[in-house]
Amino acid sequence: MTEDDKKKTESGQTEGIKEQAEYTPSVQSDFLREKMKQRPVNKKKLLRRTIVTAVLAVVFGIVACLTFLLLEPVINNWLYPPEEAKEVQFPEETITEEMNPEDMLTVDEPEEKEPAELELVDEKIEELLSQMTFGLEEYGTVYEELSALAKNVSRAIVTVTGVTSDVDWFNNIYESEASASGVIVANNGRAMLILVSMNNIKKAEKIVVTFCDQTQADAKLVQKDDSTGFAILSVSLMAIDEETMDVINIATLGSSNTGNMPGMPVMALGSPMGTSGSVCYGIITSSGSVIEQVDSAYKLIFTDMYGSKNATGVLVDLRGMVVGIIDNSYNSSDRGNLISAYGISELKRTITKMSNNQYRAYFGIYGADVPPEAILESGVPRGAYIKEIEMDSPAMTAGIQSGDVIVKINDKEIVTYSELLNELYNASPDDVATITLMRQGIDSFQEMTVTVTFTRRTQQT
């Protein structure tokens, strides 16, 4: 390298050093103090998001509730399937005649005794009779026992209230209530079944049952019999508390077929005086009357107990068994408000059908037994005498007329009207039956055969 080049290089380095020495960057304190500004809040947008979130939460809650309500019964039934409803059956009755006092006497002739022995026996009898007294204390004891029996049977008695909505003169909606006393007749494994007269609560929009411990539950109509006005209601076992289940009872249905009902002591329980929980004591005065209704016949029991015209409830014997269902609709004017009732024996078949929600076969006849004198004097055949035919009934459609005597249904011989009713009870709607009857001709009765298709009677409102 020449000396000129070295001088140029050294001069260039010297100038660079001078430039570096001359440059002194200025440090600005304001540059290091940065101020962070927040973005301004959009209040409208925040409010909108809050409202949307709240609405979505409400919608989610409603959907969750509806889903639970809809699926809960399904899941519950899947996990705990309900028991199938058991068929309700009542024990068949055997007609028993009560023993009369004269029948209690021994048939064997008594041994002959000496006069001294007879005098000793008479003295003992007189002594026993003198010791037997019936004062106020014994009288009170009898009624205490009757009261205890009534209290025990009342555990099967309920008050059925029908609620109906109506509008007054000022277009204000109000609820009116009507009540009747019913009786628990069965437990089918899913619900308690209650027999009640619907005459007072026929237009009810809602039915509430009050048990003996004053607890209440909603009831549903299972089936109603238009001929009698009685109905079967069901109260789900799920709607009844365990405490109530421990208190209530199922009534024991007795018999009204005994031949010595007149003079029998009975109690009227339910609402015999028109108010729930009232009680009457008395006796049966007669049981020979018959209530003639379409395709049925019921025994009517009369008593000497004075009650309400709208009395409802049951007649109970001294064993606590139901022998009648109170209904004063058939009282004549001279009987006033004396309590009367349907005989329970004839009503059991109707109760059984309604309890199992089975419809009866509708034939459309009113009948009776052929009187013995008519058989002997006029040559009327033995069978079920047809007194009347309902218009547009299966019987009329088949050509059966008033005055005919039915002697056979299919292969079953018919001798009495009750046998005809038994066959109708065992039949079902849409069954077809061959009826053999005898019809009055010019000189004699002529045999005829007709075919009848039973139907289901249209429910009346």
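The values are calculated or read from the model by the stated rules, or taken from the named source; none is laboratory data. Keep in mind it's a predicted model, so treat the numbers as computed, not measured. So basically every Cβ, Gly included, is an ideal-geometry build from the backbone, and we count neighbours across all protein chains shown. Areas reflect the complete protein model, heavy atoms only, side chains present, ligands, DNA and RNA absent. Shrake-Rupley method; radii C 1.70, N 1.55, O 1.52, S 1.80 Å.
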Residues (crowded, with 17+ Cβ neighbours inside 10 Å, hydrophobic (A, V, I, L, M, F, W, C) and not in a loop (DSSP other than H, G, I, E, B)) located in the stretch 283-296: 284, 291
Residues of the stretch 180-200 that turn out to be surrounded by fewer than 20 Cβ atoms within 10 Å (Cβ to Cβ) and under 22 Å from residue 268 (Cβ atoms), as a count: 2
Residue match in the stretch 409-427 (condition: closer than 20 Å to residue 447 by Cα, assigned to a loop (DSSP other than H, G, I, E, B), small (Gly, Ala, Ser) and open to solvent by less than 70 Å² (accessible area, probe 1.4 Å)): no
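Each row is one residue, and each column tells you yes or no for (1) of a type in the set (Lys, Arg); (2) at pLDDT 90 or above; (3) open to solvent by less than 50 Å² (accessible area, probe 1.4 Å); (4) closer than 30 Å to residue 424 by Cβ.
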site	(1), (2), (3), (4)
272	no, yes, yes, no
278	no, yes, yes, no
281	no, yes, no, no
343	no, yes, yes, yes
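In contact with a strand residue (DSSP E or B) (Cβ under 8 Å, 6 or more places away or on another chain), touching a residue at least 60 places away in the same chain (Cβ under 8 Å), within 22 Å of residue 351 (Cβ to Cβ) and not in a helix (DSSP H, G or I): is that true of residue 209 in this structure? Show your work before the answer.
Details: in contact with a strand residue (DSSP E or B) (Cβ under 8 Å, 6 or more places away or on another chain): yes; touching a residue at least 60 places away in the same chain (Cβ under 8 Å): no; within 22 Å of residue 351 (Cβ to Cβ): yes; not in a helix (DSSP H, G or I): yes.
Criteria not met by residue 209.
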Pair list, Cβ < 9 Å and 6+ apart or interchain, from the stretch 140-165 residues that are on the phi > 0 side of the Ramachandran plot to residues that are open to solvent by less than 60 Å² (accessible area, probe 1.4 Å): none
Selection within the stretch 252-270 - part of a strand (DSSP E or B) and either within 26 Å of residue 352 (Cα to Cα) or at pLDDT below 90 (or both): 253, 266, 267, 268, 269, 270
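Picking from 165, 147, which residue would you name as being surrounded by 10 or more Cβ atoms within 10 Å (Cβ to Cβ), in contact with an Asp or Glu (Cβ under 6 Å, 6 or more places away or on another chain), at pLDDT 65 or above and not basic (Lys, Arg)?
Details: 147 fails: in contact with an Asp or Glu (Cβ under 6 Å, 6 or more places away or on another chain).
Within the list 165, 147, the selection yields 165.
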Residue among 458, 453, 397, 416 that alone is among the hydroxyl-bearing types (Ser, Thr, Tyr), under 29 Å from residue 228 (Cβ atoms) and at pLDDT below 90: 458
Residue that is polar (S, T, N, Q) and out of contact with any Ser or Thr (no Cβ under 8 Å at 6 or more places or on another chain), where the choices are 308, 340, 345, 286: 286
Condition met for residue 339 (without any contact (Cβ under 8 Å) to a residue 40 or more places away in the chain and open to solvent by less than 10 Å² (accessible area, probe 1.4 Å)): no
Subset tally (residues that are out of contact with any helix residue (DSSP H, G or I) (no Cβ under 8 Å at 6 or more places or on another chain) and either open to solvent by less than 40 Å² (accessible area, probe 1.4 Å) or polar (S, T, N, Q) (or both)) for the stretch 446-461: 6
Meets criteria (in contact with a Phe, Trp or Tyr (Cβ under 6 Å, 6 or more places away or on another chain) and either under 22 Å from residue 352 (Cβ atoms) or at pLDDT 90 or above (or both)) for residue 388: yes
Positions within the stretch 336-357 being of a type in the set (Lys, Arg) and within 17 Å of residue 299 (Cα to Cα), in sequence order: 348, 349
